[in-house]
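The values are calculated or read from the model by the stated rules, or taken from the named source; none is laboratory data. Because the structure is predicted, anything quoted here is derived from the model rather than measured. Neighbour counts are summed over all protein chains in view; Cβ atoms, including those assigned to glycine, are modelled from backbone coordinates with ideal geometry. Side chains are part of the model used for accessible areas, which takes the heavy atoms of the whole protein and leaves out ligands, DNA and RNA. Shrake-Rupley method; radii C 1.70, N 1.55, O 1.52, S 1.80 Å.
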Amino acid sequence: MNVFGVDIGGSGIKGAPVDLERGALTEERHKVLTPHPATPDGVAGCVAEVVEHFGWTGPVGVTFPGVVTGSTIRTAANVDKSWIDVDAGTLLSERLGGLPVTVLNDADAAGVAEMTFGAGRGRKGTVIMLTLGTGIGSALFVDGRLVPNTELGHLELKGHDAETRASTKAKEDEDLSWEHWAKRVRKYLAHVEMLFSPELFIIGGGVSRKADKFLPLIEDIRAEIVPAELQNNAGIVGAGMAAGTA
């Protein structure tokens, strides 16, 4: 069965049809830049552009970088604050000509995909997926069950939101070396480990493609640390999975 997944990020909006049996994209994903400001109307237009690129006419799953309850947006850290309290499911369905739309937190989507098809497959105990990108997303699993909307990127680290110190954007904005950035990521992981004592960290986001450049530099963390197997497609796959079970 194929469904469509869209992953809304702070810098890009990407999507593709997803094969739910294999947990893989059936076509090369299409990506557009996230508008600035990333208002509901502007982002909805980009989502429609991505879906229409494929001529898709079935169910659509959409991730959002913030807390989502039902299909209503509760927080909006890396997009415009006007998203807060918007029923994103209704908005996007209307923009897509009435197609059924399922909305969920972006890191939760990526985590579900990794737990089903990727690095977390078959793992019990406490597993935490972290997506490093414009911000830091998180997905917490206990014996394979998702605890939704954890948003651990907003934990305080040295008096700041952790994502302002350890996200990929922070690395790029401050032109940090892999070594310097890895030290920040290690401090963040140590803080999360202190709070949740996970057996496994899965590191996702676009930077997971370059895991060999920074994961070997992260020491003194008890949990196993592995890169996401689905890399930056995990959110699209997870969005498709959500639409397929809605």
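In the set Ile84, Ile13, Ile73, only one residue is among the aliphatic types (A, V, I, L, M), at pLDDT 95 or above and within 15 Å of Asn233 (Cβ to Cβ); that residue is Ile13.
Looking at this structure, is Pro148 open to solvent by 60 Å² or more (accessible area, probe 1.4 Å), modelled with pLDDT of 95 or more and more than 22 Å from Asn233 (Cβ to Cβ)? Answer is no for this residue. When restricted to residues that are over 22 Å from Asn233 (Cα atoms), touching a residue at least 40 places away in the same chain (Cβ under 8 Å) and open to solvent by less than 40 Å² (accessible area, probe 1.4 Å), the range 40-70 contains 1. Of the residues Val67, Val101, the single one that is in contact with a helix residue (DSSP H, G or I) (Cβ under 6 Å, 6 or more places away or on another chain), modelled with pLDDT of 95 or more and more than 23 Å from Glu229 (Cβ to Cβ) is Val101. With respect to the conditions (1) closer than 24 Å to Thr69 by Cα; (2) out of contact with any Lys or Arg (no Cβ under 7 Å at 6 or more places or on another chain); (3) hydroxyl-bearing (Ser, Thr, Tyr); (4) crowded, with 22+ Cβ neighbours inside 10 Å, Thr134 falls short on a single one, namely (2).
Exactly one residue out of Lys210, Lys169, Lys187, Lys124 is surrounded by fewer than 19 Cβ atoms within 10 Å (Cβ to Cβ) and either in a strand (DSSP E or B) or touching an Asp or Glu at 6+ places or on another chain (Cβ under 6 Å) (or both): that is Lys124. When the range 2-19 is filtered for residues that are surrounded by fewer than 18 Cβ atoms within 10 Å (Cβ to Cβ) and either at positive phi or in contact with a helix residue (DSSP H, G or I) (Cβ under 6 Å, 6 or more places away or on another chain) (or both), nothing remains. For the range 25-39, the candidate set comprises residues that are touching a strand residue (DSSP E or B) at 6+ places or on another chain (Cβ under 7 Å) and in contact (Cβ under 8 Å) with a residue 24 or more places away in the chain; within that set, the residue that is farthest from Asn2 (Cα to Cα) is Thr34. The set of residues in the range 139-154 that are in contact (Cβ under 8 Å) with a residue 40 or more places away in the chain and either in contact with a Phe, Trp or Tyr (Cβ under 8 Å, 6 or more places away or on another chain) or under 18 Å from Leu230 (Cα atoms) (or both) contains only Leu140.
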